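A short worksheet on the structure shown next.
The values are calculated or read from the model by the stated rules, or taken from the named source; none is laboratory data. Nothing here was measured: the structure is a model prediction, and the numbers come from that model. Don't worry about glycine lacking a Cβ; one is built from the backbone with ideal geometry, like all the others, and counts go over all protein chains shown. What goes into the accessible areas is simple: the full protein's heavy atoms, side chains included, and nothing from ligands, DNA or RNA. Shrake-Rupley method; radii C 1.70, N 1.55, O 1.52, S 1.80 Å.
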Amino acid sequence: MADDGQIWLILPVKQANEAIAIASHYDLSLAERINIHSDENKPTFRQIICLKRGEALLKESDFNIYQSLKEHTQEYKLLLKDFFLAY
């Protein structure tokens with residue numbers, strides 16, 4: 001990885017935490033974490049993490065897939081609009 005490079009991973013929560021711990025042994029820091037939830041009332045089931053060299057100021061956010069039963073959030077629709085004709 002280049003000195004100013006980044007690596008982005010999508011992992012289950014346990015594996016994301018393991019990857020962050022391992023990365024610290026290689027001078028990689030967690031720069032960004034996006035917690036993925038089915039909806040706002042459900043726990044995180046995946047994380048998108050960004051690792052980069054050196055120290056980083058962590059940016060953390062949440063992303064919900066569903067707004068209500070069988071209704072996707074606007075953010076989800078916007079993210080996937082290029083991949084699904086329904087959006």
| task | Determine which member of the set L85, L79, L9 is part of a loop (DSSP other than H, G, I, E, B) and open to solvent by 40 Å² or more (accessible area, probe 1.4 Å). | result | L85
| query | Would you say K52 is of a type in the set (K, R), assigned to a strand (DSSP E or B) and free of Cβ contacts under 8 Å to residues at least 60 places away in the same chain? | reply | yes
| Which numbered condition trips up R46, out of (1) open to solvent by less than 40 Å² (accessible area, probe 1.4 Å); (2) modelled with pLDDT of 95 or more? | (1)
| Only one of (1) at pLDDT 95 or above; (2) more than 20 Å from V13 (Cβ to Cβ); (3) assigned to a loop (DSSP other than H, G, I, E, B); (4) open to solvent by less than 100 Å² (accessible area, probe 1.4 Å) fails for L57. Which number is that? | (4)
| message | Any residue in segment 71-87 that is on the phi < 0 side of the Ramachandran plot sitting within a Cβ distance under 9 Å of a residue that is loosely packed, with under 10 Cβ neighbours inside 10 Å? List the pairs, counting only those 6 or more apart or interchain. | response | K77/F84; K77/A86
| remark: Matching residues in segment 61-76 (open to solvent by 100 Å² or more (accessible area, probe 1.4 Å) and either over 28 Å from N17 (Cα atoms) or in a strand (DSSP E or B) (or both)) number 5
| Looking only at segment 1-59, which residues are under 15 Å from the mean Cα position of the chain (by Cα), basic (K, R) and closer than 30 Å to E71 by Cβ? | K14, R33, R46, K59
